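Accompanying notes for the structure given below.
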Amino acid sequence: GRVGMATLSDLRNAVSGILAVPGVPAVLKLNSNTRERAFEAYVFSLVVQAVRQAGGNAELHGVNTGLNPNPIVFRGAPGYMGSTAQDFCFGRCTLNNFEFEIHVDVIYVGSSGATHEVDVSVYDKAAADTVRQSPGMQPGTRSLRAAIECKCYDSNLGTALGRAFVGLVSDCGQLKAKDFVTNGQSQGLARYFSKSSGPRSYFGVSPIVANNANRFVHNVEQALRQWAGVT
């Protein structure tokens, strides 16, 4: 494959390595054991890393079991934040007294009333608690702090992907971070994002190409620091 094309096991190993609690190897359960879903889990783990680098605390929670779930279960398709069908994993974070969560593959209701599937999201903890206490309730985007689109492709990416994501984030209120993250390359898409005041784009993000992932982590860390007033 091309440069940056990590295998499924590269991605799984990276996720397990970043999320592992000392002495507890992370046992990953991807409901859909594909590179696409593993790439989302990888980007989730990079956001966990960004919180920790900002001086925050990020712990893994299972929706049913609580702290340090084993195995770590990631959805195989977009679903509901409050779903207890399995012990779905999310990150619970504290940064400078700001409490928030990191989720994978959650469906949100935008300000227009349209629903949006957000690959990796940062959401206020208090709002997430309310959602989990109310079966069937769908989280609104008012408490959504970051929306990250993850695209794992072997083919070239078309600008339509960029337009779709710009449309999504414009319906999501006051986001502190909006990022388009892909393992691929696309000059056309890079040009499209450069003209937009919207999302930041990251190409060639992969556990086997350190710099691109580090740039993403650094920028998410900065966005979180600014939001939480970390000096």
*Mean separation of Cα contacts under 8 Å (6+ apart) over length of the chain, as relative contact order %*: 19 percent
_Please report the accessible area of residue 161 (heavy atoms, 1.4 Å probe, ligands and nucleic acids excluded) in Å², nearest 10._
40 Å²
*Please express the shape of the chain as an equivalent ellipsoid: the semi-axes are the square roots of 5 times the eigenvalues of the C-alpha gyration tensor, given largest first in whole angstrom.*
24, 21, 18
*Which ³J(HN,Hα) values, rounded to whole Hz and listed in residue order, are derived for segment 77-92 from phi using the Karplus coefficients 6.51, -1.76 and 1.60 in 6.51 cos²θ - 1.76 cosθ + 1.60 with θ = phi - 60°, glycine and proline given as x?*
6, x, x, 8, 4, x, 5, 10, 4, 9, 7, 4, 8, 9, x, 10
_Ranked by how many other beta carbons lie within 10 Å on average, peptides 177-186, 196-205 from highest_ = 177-186, 196-205
*Ignoring ligands, DNA and RNA, what accessible area per residue does the chain give at 1.4 Å, in Å²?*
44 Å²
*On the accessible surface of the chain, probed at 1.4 Å, how many percent belong to carbon and sulfur atoms?*
48 percent
*Helix-derived [θ] at 222 nm for the chain: sum -39500 (n - 2.57) over DSSP H runs of at least 4, divide by residue count, nearest 500?*
-11000 deg cm²/dmol
*Which of the lysines could be linked to residue 125 by a straight reach, that is with a Cα gap under 21 Å, when you skip same-chain ones fewer than 8 residues away?*
176, 178
*Please get the size of the charge dipole for the chain, origin at its Cα centre, with Cβ charges of +1 on Lys and Arg and -1 on Asp and Glu, quoted in debye to the nearest 20.*
460 debye
*asked:* Once R0 is set to 30 Å, what does the formula 1/(1 + (r/R0)^6) return for the Cβ-Cβ distance between residue 163 and residue 109, expressed as a FRET efficiency to the nearest 0.05?
replied: 0.90
*asked:* Could you check the spin-label model distance between residue 85 and residue 8? Points 7 Å from the Cα along Cα→Cβ, value in nm.
replied: 2.1 nm
*Which value in nm describes the separation of the simple spin-label points at residue 155 and residue 208, placed 7 Å from the Cα toward the beta carbon?*
2.2 nm
*If you build a Gaussian network model of the chain, linking Cα atoms that sit under 10 Å apart, which residue out of 71, 139, 207 swings the most?*
71
_From the C-alpha gyration tensor of segment 10-95, square roots of 5λ in Å_ = 18, 16, 12
_Inter-centroid distance (Cα atoms) of segment 62-102 relative to segment 163-188, Å_ = 23 Å
*With only Lys, Arg, Asp and Glu charged, each at its Cβ (+1 for the first two, -1 for the last two), find how big the charge dipole of segment 68-119 is about the Cα centre; round to the nearest 20 debye.*
60 debye
*How large is the convex hull of the Cα atoms of segment 48-141 per residue, expressed in Å³ as a whole number?*
100 Å³
_³J(HN,Hα) computed for each position of segment 5-20 - Karplus, 6.51 cos²θ - 1.76 cosθ + 1.60, integer Hz, glycine/proline x_ = 7, 6, 7, 4, 5, 4, 5, 4, 5, 5, 4, 4, x, 6, 8, 4
*asked:* For residue 129, what accessible surface area do you get with a 1.4 Å probe? Give it in Å², rounded to 10.
replied: 40 Å²
*Sequence neighbours fewer than 8 away in the same chain don't count; with that in mind, list the aspartates and glutamates whose C-alpha is under 20 Å from residue 195.*
149, 171, 179
*asked:* Can you compute the radius of gyration and Dmax for segment 6-55, using only the Cα atoms, both in Å?
replied: 10.9, 32
*Per residue Cα convex hull volume for segment 148-198, in cubic angstrom?*
68 Å³
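The values are calculated or read from the model by the stated rules, or taken from the named source; none is laboratory data. Remember, it's a predicted structure, so these values are computed and weren't measured experimentally. Reconstructed Cβ throughout: ideal geometry from the backbone, glycine too, with neighbour counts over all protein chains shown. Calculation scope for accessible area: heavy atoms of the full protein, side chains included, ligands and nucleic acids excluded. Shrake-Rupley method; radii C 1.70, N 1.55, O 1.52, S 1.80 Å.
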